[in-house]
Amino acid sequence: MAPMAPMAQQAPSTHPVAFLARRAAMALAAAAVLGGAAAPAAYAADGADSAPAGSAKKLPEGLYGTKDPQYDGVWRQSLALLAQHTVGVRPAASAVRWLVGQQCADGAFTAFRAEPGKPCDARTMRDTNQTAAAVQALTALGGHDETARKAVNWLKSVQNDDGGWSSMAGSPSDANSTSVVIGALAAAGTKPESVTSKKGGKTPYDGLLTFRLGCDVKEGERGAFTFQLKGAAANADATAAAATGALGKGFVVAPAGGAADTPVKPLSCKDGKADGKADGTSDGGRAGAAEGGAGYLVAQLDKNGHHLPSAMPGQEKQPDVGNTADAVVALAAGGHRSAARQPLKWLEKNASAWARQNGPAAYAQLVLAAHATGTDPRSFGGTDLVTALNATGPEPAGTTPGKDARAADTAGDSDGGVNVWWVIGVGLAVGAGIGFLLSGRRKKNDL
């Protein structure tokens, strides 16, 4: 995913913070996203020359990355810490302290608090995606049970009536936000199906499956997920997130090891109705929905040369590396090892420059994609992703003997740990309250 062109500010229901945050690194590359005076102040690490002398603020101690953290600080920090833990790297204590210190008293996290000692107030833009990402990271690291508990309680308190979540409390639910919260609940040891909305008693899975496109849409979109119900259209980014979330998994998916490879079965329709287990399984159709989503992803990957494309307004389609990595994780989560093989090879060949440009969250996405497929992230197409990730932040405290990215990590199996992924592109809709970055959850219906 190359840096994205500036986008006009949108209302939260159109471009939620979480949606934009997954491509955070890229959004920052387009400094004009918010336009002139509205653009955030530049940040730089010591010695960086990315901003005129005297114009850059020093980044907080322990923070990963050198770009402005205003829209993706907690997101990129969480993914970096989680990816390190997954491959046996013990993060620096300062990095963990920074993340914990970003939490508001009510349990929520916002993208970045420049003054963590100052209490959050009604104007603080609390974000379910950043909060859910922090839960996945801190739960995996251990020793932060109270922080994670408060965050989970806040997430429960802002659940929508349909069972899902938006990146911003009170806005319509979306597939990406609902998926990342499902991953957080599972990571914290809470069964997502046990969390029900105060009105209607809907579960997160109920909410997530409302975004699934079935037999009433054109054949090429069947099985896909849409980002939101309004203006529903097949969206590969939302589909990758939902196919993982429907299985109760988060950012970290344990490699299948010796398990049998599961063929991908696209959604099949007969007489206008879904055929087979897509609708009537004991899990409420979740497995069938994940399988249908996988079928849609494979079709898109095959059609585009083993990667997912993305295009910004006025630009030609180009490879979307972050979404491709999310798709690999989704396929691995469903046991579709063969289907994940070619897009993984594409990533090994093409993702290193993208990761260098976009920083810690991008490296983390690739590490987690490698982990999910049992691939060595220390030799990923000639790049040592772990060393590169470590170099974007404070020096790690050490390594965990015997822990390897290619070995199944039971702590990060179904409880997750991507998107994303999602995720923050460049469609930062601030003002009204939006700015999702890491994967640049671009324009929801660009695929």
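The values are calculated or read from the model by the stated rules, or taken from the named source; none is laboratory data. None of the values given here were measured: they were computed from a predicted structure. Glycine also receives a Cβ, built like all others from the backbone with ideal geometry; neighbour counts cover every protein chain displayed. Protein only, heavy atoms only, side chains kept; ligands, DNA and RNA dropped before computing areas. Shrake-Rupley method; radii C 1.70, N 1.55, O 1.52, S 1.80 Å.
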Fill in the blank from the handout: Only one of Gly189, Gly170 is more than 25 Å from Ala224 (Cα to Cα), modelled with pLDDT under 95 and open to solvent by 10 Å² or more (accessible area, probe 1.4 Å), namely Gly170
Practice task
May I ask you to say which residue of Gln357, Gln300 is assigned to a helix (DSSP H, G or I), modelled with pLDDT of 95 or more, of a type in the set (S, T, N, Q) and open to solvent by 30 Å² or more (accessible area, probe 1.4 Å)?
Solution key: Gln357
Exercise for the section: Considering every residue within region 319-339, establish whether at least one is in a helix (DSSP H, G or I), of a type in the set (A, V, I, L, M, F, W, C) and open to solvent by 20 Å² or more (accessible area, probe 1.4 Å). Expected result: yes
Practice task
May I ask you to list the residues in region 371-387 that are under 24 Å from Leu63 (Cα atoms) and within 20 Å of the chain's Cα centre (by Cα)?
Solution key: His371, Pro377, Leu385, Val386
Practice task
Kindly list the number of the only condition in (1) among the hydrophobic types (A, V, I, L, M, F, W, C); (2) within 20 Å of Ala330 (Cα to Cα); (3) open to solvent by 40 Å² or more (accessible area, probe 1.4 Å) that fails for Ala236.
Solution key: (3)
Exercise for the section: Please tell me if Leu138 is under 18 Å from Gly73 (Cα atoms), open to solvent by less than 10 Å² (accessible area, probe 1.4 Å), in contact with a helix residue (DSSP H, G or I) (Cβ under 9 Å, 6 or more places away or on another chain) and hydrophobic (A, V, I, L, M, F, W, C). Expected result: yes
Exercise for the section: Select from region 201-254 the residues that are acidic (Asp, Glu) and in a loop (DSSP other than H, G, I, E, B) and list them in ascending order. Expected result: Asp216
Fill in the blank from the handout: Here the residues within region 77-100 that are open to solvent by 10 Å² or more (accessible area, probe 1.4 Å) and either under 19 Å from Asn129 (Cβ atoms) or hydroxyl-bearing (Ser, Thr, Tyr) (or both) are Ser94, Trp98, Val100
Completion exercise
When region 155-168 is checked residue by residue, the ones that are within 18 Å of the chain's Cα centre (by Cα) and within 20 Å of Gln103 (Cα to Cα) are Leu155, Trp165, Ser166, Ser167, Met168
Problem - The listed residue being surrounded by fewer than 24 Cβ atoms within 10 Å (Cβ to Cβ) and within 25 Å of His371 (Cα to Cα), out of Gly214, Gly248, Gly231, Gly220 - result: Gly248
Fill in the blank from the handout: Only unsatisfied item for Ala48, checking (1) more than 16 Å from Gln365 (Cα to Cα); (2) open to solvent by 10 Å² or more (accessible area, probe 1.4 Å); (3) at pLDDT 95 or above, is (3)
